[in-house]
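Some notes on the structure that comes next.
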Amino acid sequence: MSFRGYEKRFITWCFLSFCFLETTLLSGQSFSGFHPSTRWMKIETNEVNMYYPKEIEFKARQAFQKIKYAYDQDTTLGNHKFKINIVLQNQKVIANGFVSIGPWQSEFFLTPPHDPYVLGPIDWTDALSIHEYRHVIQGMNSRIGINNLLYHILGEEAWGASQGLVIPDWFAEGDAVHSETIHTNAGRGVLPSFLSEFRALQRDQIQWPYIKIRNRSLKDLTPNHYVYGYWMTNYLYEKFGSNAWKKTYHDAIRYKPLFFSFKNALKKNTGFTPATLYEKSIQELKAMQDEKIQDSILLKNNSASTIKNFISPKRLPDGSLIYLEDSYNVLPSIKIAYRNGTKKTQVIQGITVENDYTLSYPYLAWTETGTDARWANTTYSNIFLHNLQTHETKKISHNQKYFRPALSQFRTKIVCMEYLPNGQSSIKILDFLGHVLQSIPFGDTQLPTFPVFEKGDTTLLSILRGNGLSQIIRINLNTGERNPITKKQNCIISNLSVIHDTIYFSSDINGRDNIYARIEKSGSVYQLTDNSIGIRQFTISGQELLYSIQSSRGIEIRTRPLHDEWSRVVNYFDKDLPIYQNEYESQPLSTVTPKPAGLVNNPFRIFSWSWRPDQGGTSFQILGQNVLRSIQGDLGYQYQQEDRSHNINGS
């Protein structure tokens, strides 16, 4: 047989094998990710193909509003525009999102973070849409020059690999944080908590060089690339304007010059190298140093080999200290430090989205996450109870989405927040077996966080977040009546607790994370702390204030008496603020008509085709999947040089 004849048969074999693979995949769909009962819808426009479950159409339109405005108006990195597939997921309890280039697709996980210090009071769908679509803009404007050639020759994986080779992660994430900050009423760039690690390092007169901060450390405290990346990108935006990074980004993507493209493009266009830009931007971040703090340190990290965090301190009836310990090299655990100096691990926590617990002696309550046994894209957050006297731990809820459990004064009920896949939230009252005793629903744009019992377990307090504003409300469990305790504020209000007639909470309302107290009888609000690093987690025990605070070796626990603090009355919370709107918020929700989505309009798409050198020969591989990732496949051809053999494989 001639080689030409063999080649002809081989090409025919490849074609038939690929057709067979396509047919097999389309007829044998595996629902390992999403439940088959999910009714998928699709918004299809020039800007995006957005897939989402029908029950969250309001969230989909909200996200599309932000995306369309950015697509139409944002040219700060260039004018290259083309469509992307976006999937909105509503079954995961972890707040996150991502954009991938190979395949060219984005996914949003719409369950919001329940700790407001993660992102501020901003609406999660808004923040996620603005932040992640900034990554889309980065991606669209990276498919030029060599990257565009690689895309057409080898597919999206090669394009993505090339972009990742020249664009550092600190720029990608710092630029996205900058976008979420300037286009909303919050964003991480304006949060005092976002800078707490840098401020702690500054207090101890530590400033790591760029090479160390870039590569991170498990031994020393090094803020991540979101933090220093934001300050580096923001410094140039403030110095040179909204197009500050456009020329640098395009030169780097085009490999101008060929070696160390980003570093040299930055130097050419701004006069800075990454190292000098880091040094200059950090100089702008000078913390106001407090006078010497008289507070006593109860627990701190004495290890020189790792970072340790001691958080959520509380007092037990015998005066012992209970707290949560977390570090890089051990699992988080709740421990007790006895008055004689000994320490004991009480219970090890599982994976959780809430690094905290609540105490009503002898019970501890916290949440842990778990994955559905069948559907990989469905996760849960369930409540665990631990008895300090019997050392018994039990899981009282199953396959639920519960957050922030708090125990009642009489230790017969548990209050928590529930966030459902349809975007609705509610406050649930449970018994100690996990049975629902009462449910208090809230609207689409309202998120009730940190619910706590007060006044003999007949009323609740909660922090209500919505439209970028926060306020404390009281709920009567007998009548359902809801009354505001504070006015709506464009700030974080968090870590709510109540003792007798005093409501305690933390807030960043004056530009620092500090603790406040509101006396019920007078309505007066007192500022109890004033610290430049910031205090967020705390407990009041009699006349003692216990709190966690960031240090250069991790988070430590301090204590101070409460006496003179009751003289500092503040009026920050006395006036209602209007709902903030910028150019993103002022856009009307789209009237585009969604379509049902399924296998027909959720097609299998080939995104990478690459010829790769292989050990002893060469290989060619084709990769593909559909948008919902319910169908995935690859087809490969290998040629072995030694015996001149050919092999085709697929899955």
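The values are calculated or read from the model by the stated rules, or taken from the named source; none is laboratory data. Since the model is a prediction, treat every value here as computed from it, not as a measurement. Backbone-built Cβ (ideal geometry, glycine too); neighbour counts: all protein chains shown. Each accessible area value is taken on the protein alone, full model and side chains, heavy atoms only, with ligands, DNA and RNA left out. Shrake-Rupley method; radii C 1.70, N 1.55, O 1.52, S 1.80 Å.
Just tell me the longest site-free run in the chain, where the sites are GluC sites (Glu not before Pro) in a DSSP loop having at most 14 other beta-carbon atoms within 10 Å.
After excluding every exposed loop site, the longest remaining stretch is 1-283.
Can you flag which of LYS59/LYS83; LYS66/LYS92; LYS59/LYS394; LYS92/LYS575; LYS42/LYS488 are past 29 Å Cα-Cα?
LYS59/LYS394; LYS92/LYS575; LYS42/LYS488
Between the stretch 635-650 and the stretch 146-179, what is the C-alpha centre distance in whole Å?
31 Å
Between SER608 and residues 5 or more places away or on another chain, which pairs have amide H atoms under 5 Å apart, with H built 1.01 Å from N, and which residues are they?
Residues meeting the criterion, in which the H sits 1.01 Å from N, are GLU156, LEU623.
How far is helix 156-166 tilted, in degrees, relative to the longest principal axis of the Cα atoms in the chain, given as a value from 0 to 90 rounded to the nearest 10?
Tilt relative to the chain: about 60 degrees.
So what J values fall out for the stretch 473-480 if you push phi through Karplus, 6.51 cos²θ - 1.76 cosθ + 1.60 with θ = phi - 60°, rounded to Hz, Gly and Pro as x?
So the Karplus estimates, Gly and Pro as x, are 10, 10, 10, 7, 6, 7, 9, x Hz.
Non-local amide H neighbours of LEU477 (under 5 Å, H modeled in plane, Pro and chain starts lacking H): which ones?
THR459, LEU460
If we sort 214-222, 509-517 on the protection proxy, mean other Cβ atoms within 10 Å, highest first, what's the order? Mind dumping the intermediate values first?
Numbers: 214-222: 14.2, 509-517: 20.0.
Highest to lowest by the protection proxy: 509-517, 214-222.
Would you mind checking which residues have amide H under 5 Å from SER524's amide H? H placed 1.01 Å from N; only 5 or more apart, or other chain.
ILE519
Between rounded, prolate and oblate, where does the stretch 129-197 land on the alpha carbon gyration tensor, with a ≥ b ≥ c its root eigenvalues, rounded for a/c under 1.5, else prolate if a/b exceeds b/c?
Note, shape of the stretch 129-197 comes out prolate.
Short version: ³J(HN,Hα) in whole Hz for each residue of the stretch 383-393, in order, from phi by Karplus 6.51 cos²θ - 1.76 cosθ + 1.60 (θ = phi - 60°), x for Gly and Pro, what are they?
8, 10, 10, 10, 9, 5, 7, 9, 6, 8, 10
Express the relative contact order of the chain as a whole percentage, based on alpha carbon pairs under 8 Å and six or more residues apart in sequence.
14 percent
Quick one: which of 190-196, 499-505 comes out on top by average Cβ neighbours within 10 Å, and what's the full order, highest first?
190-196, 499-505
Could you report the chain's accessible area per residue, 1.4 Å probe, as an integer in Å²?
Accessible area per residue, the chain: 44 Å².
Can you list the aspartates and glutamates whose alpha carbon sits under 15 Å from that of LYS595, skipping same-chain ones fewer than 8 residues off?
Output for LYS595: GLU44, GLU55, GLU57.
Taking Cα centroids, how far is the stretch 291-344 from the stretch 498-517 in Å?
23 Å
Under 13 Å from the Cβ of ILE146, count the other residues' Cβ atoms, weight Lys and Arg +1, Asp and Glu -1, and hand me the total.
Numbers: positive: ARG143, ARG254, LYS256; negative: ASP251.
Residues close to ILE146 contribute a combined charge of +2.
What is the sum of charges, Lys and Arg at +1 and Asp and Glu at -1, for the other residues whose Cβ falls under 13 Å from the Cβ of LEU236?
Spelling it out: positives minus negatives among the neighbours equals +2.
For the stretch 148-302, what does the alpha-carbon gyration tensor say about shape, rounded, prolate or oblate, given a ≥ b ≥ c as the root eigenvalues, a/c under 1.5 as rounded, and a/b over b/c as prolate?
Judged from the Cα gyration tensor, the stretch 148-302 comes out prolate (a/c at least 1.5, a/b above b/c).
What is the distance in Å between the Cα centres of the stretch 435-476 and the stretch 526-580?
Centre-to-centre distance over Cα atoms comes out at 22 Å.
Relative to the longest principal axis of the chain, what angle (0 to 90°, nearest 10) does the C-alpha long axis of helix 261-270 take?
70 degrees
Can you tell me the 0 to 90 degree angle between the C-alpha axis of helix 57-73 and the longest principal axis of the chain, rounded to 10?
Rounded to the nearest ten degrees, it is 70.
When Lys and Arg each count +1 and Asp and Glu each count -1, what net charge do the other residues less than 10 Å away from PHE607, Cβ to Cβ, add up to?
-1
Residue by residue, what Karplus-based ³J(HN,Hα) values in Hz, rounded to whole numbers, does the stretch 175-185 have, using 6.51, -1.76 and 1.60 with θ = phi - 60° and x for Gly and Pro?
5, 5, 5, 4, 5, 5, 7, 7, 9, 9, 8
Mind ranking 457-463, 402-408 by how tightly packed they are, going by the mean number of other C-beta atoms within 10 angstrom, highest first?
402-408, 457-463
At 1.4 Å probe size, with the rest of the protein present, what percent of the exposed accessible area of the chain is carbon and sulfur atoms?
Ligands and nucleic acids excluded, carbon and sulfur give 52 percent.
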